[in-house]
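Below is one structure; the comments refer to it alone.
Every number here is computed from the coordinates shown, using simple stated rules; none is lab data. Note that the structure is predicted; figures quoted are calculated from it, not measured. Here the Cβ positions follow ideal geometry from the backbone for every residue, glycine too, while neighbour counts run over all protein chains shown.
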Amino acid sequence: MPSFPWKRTVLVVVAASLSACAVVPPLLVGGAVVGGGLVATDRRTAGIQLEDQGIEFRAAARVRELATLGQVSVNSFNRVVLLTGEVPSATERSRAEEAVAKVENVRGVVNELVVAGNSSLSSRSADAVLAAKVKATLVDAKDVSANAFKVVAERRVVYLMGRVTPREAERGSELASRVSGVERVVKVFETISEADLAAENAAVKPGSQAPAPVGTAAPMTPAAPASPAPR
């Protein structure tokens, strides 16, 4: 996988979707995701939020064209696409990543597809509940901005996306890892400094949108396992 200018590490969390079709292999756009709608306090501009939605649909169409028998979820944040779910072989895993990387305006792909049988409907339903629990935990916390996080859950692994400071990345991951049912948390963040965030907040008036990202994200680092989540 090529390297991209955002920070990616591992901790603990969830993602999944509800989709089925008798003929066409299931392809999930968004997966079990919370925090993916247009939000005024989102740190992306309204234009980028709409672009991410368009990327998800275009990427989903590309994967569908592969006629994979797997179950693929597509999520985009700030034009970085996260692929989760199951595929029948390593070849199909690579083909899916290559197809999505060619979608217009995609600047990077984080491929978290696993070679395994498709998860069950009950498993995907449980993931949807888990994603909601994680988001609710972030909302209840007073020291992070919940709208800065996009939560995706798959097979009891939680993926956290967003444009956050290092402190927010660590705190959000810690909170998610403590949610009952979470087995692992994976951070797929673009990090910005506290100074940059403060400058952006000062420049944005109520009801307006934050400026577009200016390349202040930390470089990608190899994923590292986190401590098991408390039960």
Principal axes of the range 125-205: Cα extent on each, largest first, Å: 41, 20, 17
Full-stretch length increase - Arg64, Ser122 - with 0.36 nm per residue and alpha-carbon distance subtracted: 18.6 nm
Under a crude label model (7 Å from the Cα following the beta-carbon direction), how far is Leu50 from Ser180 in nanometres? 4.3 nm
To the nearest 20 debye, what charge dipole does the range 96-198 have about its Cα centre, counting +1 at the Cβ of each Lys and Arg and -1 at the Cβ of each Asp and Glu? 320 debye
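Report the far tail of the P(r) of the range 66-204, meaning the percent of Cα-Cα pairs longer than 18 Å.
Numbers: 5656 of 9591 pairs.
That fraction is 59 percent.
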